[in-house]
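The values are calculated or read from the model by the stated rules, or taken from the named source; none is laboratory data. For clarity, every value in this text was computed on a predicted model and none was experimentally measured. In this analysis, Cβ positions are derived from the backbone assuming ideal geometry, glycine residues included, and neighbour counts consider all displayed protein chains. Ligands, DNA and RNA are stripped out before the accessible areas are found, and what is left, the full protein with its side chains, is counted by its heavy atoms. Shrake-Rupley method; radii C 1.70, N 1.55, O 1.52, S 1.80 Å.
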Amino acid sequence: MSTKKNIKIPCTLCPGKEHSLFEDLPREDLDQLSQHKTCIRYKKGQTLFYEGTRPMGLFCINSGKVKVYKISSEGKEQILKLAKPGDFLGYRALISEEFYNSSATVIEEGAICYIPKSDFLEILQKNPSFFRKMAKRVAQELGLMEQKLVTIAQKSVRERLAATLIMLKETYGMDGEESDLIDIALSREDLANIIGTATETVIRLLSDFKTQKLISLQGKKIKVLDQKGLVREADFYGR
């Protein structure tokens, strides 16, 4: 039996809109999207799309979190991106009319909207400012991928883990007193797949960081205790 549940969330009331590329769209365009999109509540572990399939629409995250990843020829997973509320998924393949070059799976239960290709392209074509924002986002993501490749090639696993924890804190840190808590429940395997190493290595390094009082572990979640110390471990400024 399917675990997906259809829900109705108008784009104008979406809590993630203010953080998305739809932020400045005219009301009439948001209403058009609301009329034609579908919103589904996904459980952890459900897949939105698979590498090598053809995109037929755009995914927009209302709540929850999604990992975007590739599978190597040896069957190993490499996580490319962790998407959060307000993020779009699949737009590059949609615009370039190519197959998906990665897969996307839900890692924290949430609501995800699906916008048909025809509606997305129509709004893209009639809004030059929206088109420019999309082009800028594609260029930014390509730049981030290049930066990640350089990081993997030049930094040690320890440095990559420290840099990843800082990035996760800046992206998923909670507001208020627990601002140093990374609000995303990643498995140790997922964390290993982000930095490109073995799970056992991540477990050992997290234990080292905990001993050094750089972090504390709260179940699957991690709290940063000493960000400056992590910056030194990440070797952001060189030795």
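Cβ-Cβ contacts under 6 Å between residues 6 or more apart (or on different chains), taken from a first residue in the range 123-134 that is charged (D, E, K, R) to a second residue that is open to solvent by 100 Å² or more (accessible area, probe 1.4 Å) and not in a helix (DSSP H, G or I), are absent.
Across the range 63-82, the number of residues qualifying as in contact with a strand residue (DSSP E or B) (Cβ under 9 Å, 6 or more places away or on another chain), outside any strand (DSSP E or B) and open to solvent by 20 Å² or more (accessible area, probe 1.4 Å) comes to 2. In the range 83-99, the condition of being open to solvent by 20 Å² or more (accessible area, probe 1.4 Å), farther than 21 Å from residue 54 by Cβ and outside any loop (DSSP other than H, G, I, E, B) is met by no residue. Scanning the range 1-45 for residues that are assigned to a loop (DSSP other than H, G, I, E, B), open to solvent by 70 Å² or more (accessible area, probe 1.4 Å) and touching a residue at least 60 places away in the same chain (Cβ under 8 Å) yields 15, 24, 43, 44.
Here is a yes/no grid of residues against (1) hydroxyl-bearing (Ser, Thr, Tyr); (2) assigned to a helix (DSSP H, G or I); (3) at pLDDT 95 or above:
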{"residue": "197", "(1), (2), (3)": "yes, no, no"}
{"residue": "201", "(1), (2), (3)": "yes, yes, yes"}
{"residue": "204", "(1), (2), (3)": "no, yes, yes"}
{"residue": "209", "(1), (2), (3)": "no, yes, yes"}
{"residue": "233", "(1), (2), (3)": "no, yes, no"}
{"residue": "237", "(1), (2), (3)": "yes, no, no"}
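Scanning the range 107-124 for residues that are farther than 30 Å from residue 189 by Cα and either open to solvent by less than 70 Å² (accessible area, probe 1.4 Å) or modelled with pLDDT under 90 (or both) yields a total of 8. Every condition in (1) out of contact with any helix residue (DSSP H, G or I) (no Cβ under 8 Å at 6 or more places or on another chain); (2) surrounded by 13 or more Cβ atoms within 10 Å (Cβ to Cβ); (3) at pLDDT below 95; (4) of a type outside the set (D, E, K, R) holds for residue 48 except the one numbered (3). Taking the range 179-205 as the range and being touching a Lys or Arg at 6+ places or on another chain (Cβ under 8 Å), farther than 23 Å from residue 83 by Cα and touching a residue at least 40 places away in the same chain (Cβ under 8 Å) as the test, only 205 passes.
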